[in-house]
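A quick write-up on the structure given underneath.
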Amino acid sequence: MRLLRRSLLAVAAALPLAGLPALVQAEGYPNKPIRVIVPFAPGGASDFVARILAPRLQAELGQTILIDNRAGAAGNIGMEAAASAAPDGYTAFLGNVGTLAINPAIFGANQKVSAADLMPVTLVANAPDVMVANPNVPSKTVAEFVEHARKTPGMSFASPGSGSLNRLEMELFRQEAKLDMTHVPYKGGAGPALVDIVGGHVPVGFVPVPAAMPLIKGGRLKPVAVASARRLSSLPDVPTLVESGFPQVVGGSWQAVMFPLHTPEPVIEKWHAALLKVLAREDVKADLLKGGVETATSASPKELAAFIQQEARRWGAVAKSSNATAD
């Protein structure tokens, strides 16, 4: 009996120390460079966002931020590398709507990791998309475009691929507006699709705002509407699909910072606070806006987790109904 009591006392004394390693790590964190895995090639939207945020985070956290581009398999290669990294706070992941919400639906059984294998921190940015049409398409408003499309059953639309966000945005709009349209997939990002819309080979498509802006300004593309919750400062005269009667058609390539599962909570909290501080800076907002990207944040990691689940359900349903697949 005395031995049992002594054992219980020892266990009780040890309990307050159970969380000590994580606490010690958080108090001295960070004490070496931090790697941020970007699952796409240099020069893309994710890489652009990472390189805007990195020097500001370095100043805030007091350690070097290293960008590690791991492109391939629509972002899955980089995501798998992040999920398998040590959960010590020294490997972060910059995911986006594709890697965290769309890929599980289009890769199916071939999807090895998901958002559930990572710990959320916060949204950091959103790159809205705009529906553009060839100038010869006879419509100036969303309502006029819908009327024209209904009179032209089978009208084609361009996208960067079967399972791309741009394709799913148009599918969602097509379903909401009850339009009969034909998908024409391209490879190589938005560029090839834009070339054919400008050339009149395909009349319409959703594309990233930065890619479309020079062509819009040059009068070679007609902006129809933006897939965002509110009008964009870069296209203030272009209506949103929400205000045009299609409240579900809110898209854009949002991006979020994640960490490997089981990363200590104090580290997650430190990154959340640091990112919100950096993203509140006017110079950061201005630098991101130059690339057509808006800042976005999550009030808490829990809020981001709920958002990702909601987005996965939404885009997963659209992918299933449109038979979208990985290219």
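Would you check if ALA41 is part of a helix (DSSP H, G or I), at pLDDT below 95 and small (Gly, Ala, Ser)? No.
Among the residues here, TRP254 does not qualify as hydrophobic (A, V, I, L, M, F, W, C), out of contact with any Asp or Glu (no Cβ under 9 Å at 6 or more places or on another chain) and crowded, with 21+ Cβ neighbours inside 10 Å.
Selection of segment 105-122 for residues being in a helix (DSSP H, G or I) and charged (D, E, K, R) yields only ASP117.
Scanning segment 80-90 for residues that are surrounded by fewer than 24 Cβ atoms within 10 Å (Cβ to Cβ) and out of contact with any helix residue (DSSP H, G or I) (no Cβ under 6 Å at 6 or more places or on another chain) yields GLU80, ALA81, SER84, ALA85, ALA86, PRO87, ASP88, TYR90.
Within the span defined as segment 140-151, every residue fails to be within 30 Å of ILE52 (Cα to Cα) and either assigned to a strand (DSSP E or B) or not assigned by TED's automatic domain parsing to the domain that holds ALA81 (or both). Of the residues making up segment 115-134, those that are under 16 Å from ALA312 (Cβ atoms) and either surrounded by fewer than 18 Cβ atoms within 10 Å (Cβ to Cβ) or of a type in the set (Val, Ile, Thr) (or both) are ALA116, ASP117.
Filtering segment 259-285 to residues that are charged (D, E, K, R), assigned to a helix (DSSP H, G or I) and surrounded by fewer than 18 Cβ atoms within 10 Å (Cβ to Cβ) leaves GLU265, GLU269, LYS277, GLU282, ASP283, LYS285. Considering each of ALA101, ALA125 in turn, give the residue that is among the small types (Gly, Ala, Ser), part of a strand (DSSP E or B), touching a helix residue (DSSP H, G or I) at 6+ places or on another chain (Cβ under 6 Å) and closer than 28 Å to GLY291 by Cα. Result: ALA125 is the single residue among ALA101, ALA125 that is among the small types (Gly, Ala, Ser), part of a strand (DSSP E or B), touching a helix residue (DSSP H, G or I) at 6+ places or on another chain (Cβ under 6 Å) and closer than 28 Å to GLY291 by Cα. The residues on offer are ALA212, ALA227, ALA177, and the sole one that is touching a helix residue (DSSP H, G or I) at 6+ places or on another chain (Cβ under 8 Å) and either closer than 19 Å to PRO135 by Cβ or surrounded by fewer than 16 Cβ atoms within 10 Å (Cβ to Cβ) (or both) is ALA212.
Each residue in segment 50-70 was checked for being in contact with a helix residue (DSSP H, G or I) (Cβ under 7 Å, 6 or more places away or on another chain) and closer than 21 Å to ALA127 by Cα, and 7 pass.
The values are calculated or read from the model by the stated rules, or taken from the named source; none is laboratory data. Because the structure is a prediction, the values reported are computed rather than measured. Backbone-built Cβ (ideal geometry, glycine too); neighbour counts: all protein chains shown.
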